[in-house]
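Bear in mind that the values in this text are calculations on the coordinates, not laboratory data. What you see is a predicted model, and the numbers here were worked out from it, not measured in a lab. Cβ coordinates were reconstructed from backbone atoms using ideal geometry, including for glycine residues, and neighbour counts include every protein chain displayed.
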Amino acid sequence: MAASSSLARCVVSPAGKHSASVIFLHGSGDTGPGIKSWIREILKKDLTFSHIKVIFPTAPARPYTPMMGGISNVWFDRYKISIDSPEHLDSINSMCQVLTDLIKEETASGIALNRILLGGFSMGGAMAMHLAYRYHRDVAGVFALSSFLNENSIVYQDLKATQQSLPDLFQCHGQADELVFHQWGERTCSRLKGLGVTSSFHSFPNLFHELSLQELEELRSWILKKLPEVTANMQ
């Protein structure tokens, strides 16, 4: 199914001068406004920064195999939700091209690739890893919350052939996650580390397939570390 080249999105604008961007991808069945509201509910405020624009795009609606072909807002199709399943590469690859257009919008506005972070929750985190490690290795970093890559992922195959420096990865995962198992996230981190990715993996006891306050606070600190405010001396 061909996706629209223009994604609906909602934005949290920076309080001051815009010098960096975060593209935050929602999980399956959600929307950009949905995850923005979820984060606001947890933090009691938006995920906002003085200099960083946060973009929450919405995946196009498409038939989704794990829902028996029902229509859902998903970044790509899956044969099943399992680390042992083959990837649905046609849908992954087409969405990488659509999201590349969104990245190009930011670079066209004057934001360098190394001032852009890609990440997301669940399926959104997997999508971000495909996007960054296959197509945009010059971004500032990648974050993946409650996410995994399939065991035979093309991401691993592509990284075996590269000598290029790679974006850092920030992963978080609940130990009580019963949809995307904690060990799937650990396995993904281990595989990527073995292929040259500098990664950090943060485990959260008693956390299910959800976001938490501590997780979002740690993510916010990491974002600021990767995208510091530009001072006059840095320009």
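Observations on the model:
- Cα shape, the chain, gyration tensor, a/c 1.5 rule: rounded
- Cα lying deepest toward the dipole's positive end in region 152-213, options PHE181, THR162, PHE208, charges on Cβ: THR162
- In this Cβ point-charge picture (+1 for Lys and Arg, -1 for Asp and Glu), the chain has a dipole of about 480 debye about its Cα centre.
- Stretched out straight at 0.36 nm per residue, the stretch from SER203 to LYS104 would grow longer than its current Cα-Cα span by 32.3 nm.
- In the chain, Cα pairs under 8 Å separated by at least six residues give a relative contact order of 18 percent.
- Near the amide H of LEU25, within less than 5 Å, lie the amide hydrogens of GLY119, GLY120, PHE121, all on another chain or at least 5 residues away, with H placed in the peptide plane.
- Cut-off 20 Å (backbone N to label point 7 Å along Cα→Cβ of SER190), residues of region 67-96: 82-86
- Modelled this way, with points 7 Å down the Cα-to-C-beta line, the labels at ARG137 and GLU229 are 3.4 nm from one another.
- Derived scalar couplings ³J(HN,Hα) [region 20-26; Karplus, 6.51 cos²θ - 1.76 cosθ + 1.60; whole Hz; x for Gly, Pro]: 7, 9, 10, 9, 10, 9, 6
- Each part reduced to its alpha carbon centroid, region 61-120 and region 146-179 end up 14 Å apart.
- Under 20 Å from the ARG40 label point (7 Å along Cα→beta-carbon), backbone N, region 111-137: 120-121
- Mean residue ellipticity (222 nm) of the chain, computed from DSSP H runs ≥ 4 via -39,500 (n - 2.57), nearest 500: -10000 deg cm²/dmol
- Farthest towards the positive end of the charge dipole of the chain, among the residues VAL197, GLY70, LEU117, is the Cα of LEU117, using unit charges on the Cβ of Lys, Arg, Asp and Glu.
- Here the Gaussian network model covers the chain, with springs between Cα atoms less than 10 Å apart; of ARG220, ARG137, ARG78, ARG220 fluctuates the most.
- Net charge over other residues, Cβ less than 10 angstrom from the Cβ of LEU207 (K, R count +1; D, E count -1): -3
- Straight-distance crosslink candidates among lysines, where the alpha carbon sits under 27 Å from LYS53 and sequence neighbours closer than 8 are dropped: LYS17, LYS36, LYS44, LYS45, LYS104, LYS225, LYS226
- Counting Lys and Arg as +1 and Asp and Glu as -1 over every other residue whose Cβ lies under 15 Å from the Cβ of GLU105, the net charge comes to +2.
- Computed extension length for LEU179-SER82: 34.0 nm, one decimal, from 0.36 nm per residue of separation with the Cα-Cα distance subtracted.
- Here's the picture: a label point sits 7 Å out from the Cα of LYS160 along the beta-carbon direction, and within region 178-212 the residues with their amide nitrogen under 18 Å of it are 188-197.
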